[in-house]
Amino acid sequence: NQKLVAIFLGAVVIVAAMITMYRYLAWDIREPELVLLEVDGEVRLTNPTEEVKAAVGRTLLPEDRVATGQEARAVLGLGSETRIRLGASSTVQVRSVDEEGVRLELENGALHAIVRSESGAVRVGNRNREVLSTNGEFEFGARDGMIAINAIAGELMMAGVDNVRMEAGSRATISNGHAEIGPIPDELLLEVA
């Protein structure tokens, strides 16, 4: 009898330890969220079914679109460290948010992203051309089919263009799938405060 009681108690302890470990790991493996952290001025949030006033703390889902007015700004947060600052007169659509990070489509305007690896990657695109950062800082501007990119820190990977890498300190202007590495016209890359 004592042997059976000892086996039973041992099994209970093992099951309790497994449940605790599962809860701990499940908590750490949560899906990342893209959240609207700051709103300054006229910022609109639309999705396929409605348009609402953008509110701080709102979780952004795929197909959500954030648009800033002429003197407005917005800050999106992915995890505790990654920040994406939208400039004035900018529109960005959320394409996906998953365990790998976030994918955005900048329809027009400019953004400034500070990406930290623990939050996941940030992909920003415009018309089938995009950049990917897993740990770094960059500016991305889009207007009239042209894209301007400023790699501030880290390395950027590009898709949909002929040059595929950008090192920190380099700048590129992209038109018709060709990336011209060098100075960017001031009117293309809007300043994001």
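The values are calculated or read from the model by the stated rules, or taken from the named source; none is laboratory data. As the structure is a computational prediction, the values presented were derived from the model and not from experiment. Because the Cβ atoms are built from the backbone with ideal geometry, glycine has one as well, and the counts that use them run over all protein chains shown. Note: accessible area is taken over every heavy atom of the protein model, side chains too, but ligands, DNA and RNA are not part of it. Shrake-Rupley method; radii C 1.70, N 1.55, O 1.52, S 1.80 Å.
Full extension of the chain between Arg143 and Val164 yields a length gain of 5.5 nm, computed as 0.36 nm times the residue separation minus the alpha carbon distance. Placing dummy labels 7 Å off each Cα toward the beta-carbon, the span from Glu38 to Ser80 is 2.0 nm. Taking 7 Å steps out from each Cα toward its Cβ at Asn47 and Phe8 produces label points 5.0 nm apart.
In this calculation the C-beta distance from Met157 to Gln70 is compared with R0 = 45 Å, giving a FRET efficiency of 0.85. As a length-normalised measure over Cα pairs under 8 Å and 6 or more apart, the relative contact order of the range 85-151 settles at 27 percent. Measuring nothing but protein heavy atoms, the accessible surface of the range 106-150 at 1.4 Å probe radius is 38 percent carbon and sulfur. Note that the range 1-115 presents 62 Å² accessible area per residue, ligands and nucleic acids not counted, probe 1.4 Å.
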